[in-house]
Amino acid sequence: MIRVSVVGAKGRMGSHVVDAVNAADDTQLALALDAGDDLHAITPDNTDVAVEFTVPSVALDNVLTLIAQGVDVVVGTTGWTDERLERVREALAAAPRDDQAVFIAPNFAISAVLAAHFAAVAAPYFESAEVVELHHPNKVDAPSGTAIHTAAGIARARAAAGLGAMPDATETDGGSRGQVVDGVHVHAVRLRGLNAHEEVLLGNAGEQLTIRADSFDRVSFMPGVLLAVRKLAAGGHAGLTVGLDRFLDL
Ligand SMILES: NC(=O)C1=CN([C@@H]2O[C@H](COP(=O)(O)OP(=O)(O)OC[C@H]3O[C@@H](n4cnc5c(N)ncnc54)[C@H](OP(=O)(O)O)[C@@H]3O)[C@@H](O)[C@H]2O)C=CC1
Ligand SMILES: O=C(O)C1=N[C@H](C(=O)O)C[C@H](O)C1
């Protein structure tokens, strides 16, 4: 059995992870911790993999604490800038175990992972690309980690294909053109009734491709979380890995 501790266990995602870990045949719940609990309770004596779903403002500190505890970590919390990822790599280089692993996924739903993959495949063939993400209004960060990841993938694919800047004659912008991520405009909608949704719009003269992923329920993230837990528990993924596509045969 893989012993899994959950950090942020009372949250919207953490509570689903607790249920998924309890329901799977090969995982068992070790500790379920939330705000105010001491993460030093999580050790290799009681935990094989810790799963972290909290808030962007505390996730880095939590991950650094868990690394120092000698525990592998699967992270779903958003807010991972290049600088924060570098802090994780540095901590792993000084970790108690040589083979220690941290896995971070902007999105664990297969629909969202494939949408980002297909967007990067399509990006070189279109003059214009923009990302629209739509979420529940309780979400604290905008744009979503998934949208930032998708936009960065589109930008990398465009750059590799030698494409320049997208056409855009905008002269006045009070914010309605969205946040620019690596040259790609990203727009965030917050609407009661929604869960987690993303559209990638790709345009040429006279044609458009729309790639859309919808997570209607948080259960959609659980197969990806369990896949990552199993991959880390099996070993062979020392260091930092980002993105569920790394564990899929795409
Ligand atoms: N990668 C993916 O597939 C997905 C990622 N996410 C991301 O996951 C994160 C969590 O989302 P969600 O579950 O909706 O958020 P919630 O606010 O519902 O849950 C966060 C939980 O973490 C707790 N918490 C706060 N600070 C700490 C701390 N220092 N240590 C331990 N627990 C703490 C909160 O407690 P309290 O409320 O008392 O402060 C709360 O119970 C977000 O960044 C979200 O974007 C969400 C869905 C899918
Ligand atoms: O807060 C959420 O709900 C979600 N957060 C992640 C993100 O910011 O990309 C993943 C998914 O979109 C749900």
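The values are calculated or read from the model by the stated rules, or taken from the named source; none is laboratory data. These numbers come from a predicted model, not from an experiment. Positions of Cβ are backbone-derived with ideal geometry, glycine not excepted, and every protein chain shown enters the neighbour counts.
For this structure, a couple of remarks:
- Filter result for E127 (within 16 Å of ligand 1 (Cβ to nearest atom), among the acidic types (D, E) and under 17 Å from T210 (Cα atoms)): no
- Qualifying residue in region 32-42 (condition: within 11 Å of ligand 1 (Cβ to nearest atom), assigned to a helix (DSSP H, G or I), within 22 Å of the chain's Cα centre (by Cα) and not basic (K, R)): yes
- Here F53 clears all of (1) within 15 Å of T241 (Cα to Cα); (2) within 16 Å of ligand 2 (Cβ to nearest atom) except the condition numbered (1).
- Test: residue in region 61-73 that is touching a Pro at 6+ places or on another chain (Cβ under 8 Å), under 22 Å from R246 (Cα atoms), away from ligand 2 (no atom under 16 Å from the Cβ) and touching a residue at least 60 places away in the same chain (Cβ under 8 Å): yes
- A147 being under 19 Å from R218 (Cβ atoms), out of contact with any Leu (no Cβ under 7 Å at 6 or more places or on another chain) and buried (at least 17 other Cβ atoms within 10 Å of the Cβ): yes
Each row is one residue, and each column tells you yes or no for (1) surrounded by fewer than 12 Cβ atoms within 10 Å (Cβ to Cβ); (2) over 30 Å from T47 (Cα atoms).
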| site | (1), (2) |
| --- | --- |
| G175 | yes, yes |
| H185 | no, yes |
| V189 | no, yes |
| N195 | no, yes |
| T210 | yes, yes |
| G236 | yes, no |
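- Of all residues in region 1-42, those satisfying the criterion of being touching a residue at least 40 places away in the same chain (Cβ under 8 Å) and more than 17 Å from A228 (Cα to Cα) are G8, G11, R12.
- Screening region 118-206 for strands (runs of 3 or more DSSP E) wholly inside it with 2 or more residues that are in contact (Cβ under 8 Å) with a residue 12 or more places away in the chain and β-branched (V, I, T) returns the ranges 128-135, 184-190.
- Looking only at region 173-191, and only at residues there that are within 22 Å of the chain's Cα centre (by Cα) and of a type outside the set (A, V, I, L, M), the one that is farthest from D141 (Cα to Cα): G183
Rundown of residues vs (1) more than 9 Å from ligand 1 (Cβ to nearest atom); (2) assigned to a loop (DSSP other than H, G, I, E, B); (3) out of contact with any strand residue (DSSP E or B) (no Cβ under 9 Å at 6 or more places or on another chain); (4) modelled with pLDDT under 95, yes/no style:
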{"position": "V4", "(1), (2), (3), (4)": "yes, no, no, no"}
{"position": "A9", "(1), (2), (3), (4)": "no, yes, no, no"}
{"position": "D19", "(1), (2), (3), (4)": "yes, no, yes, no"}
{"position": "A30", "(1), (2), (3), (4)": "yes, no, no, no"}
{"position": "D45", "(1), (2), (3), (4)": "yes, yes, yes, no"}
{"position": "V63", "(1), (2), (3), (4)": "yes, no, no, no"}
{"position": "L85", "(1), (2), (3), (4)": "yes, no, no, no"}
{"position": "V88", "(1), (2), (3), (4)": "yes, no, no, no"}
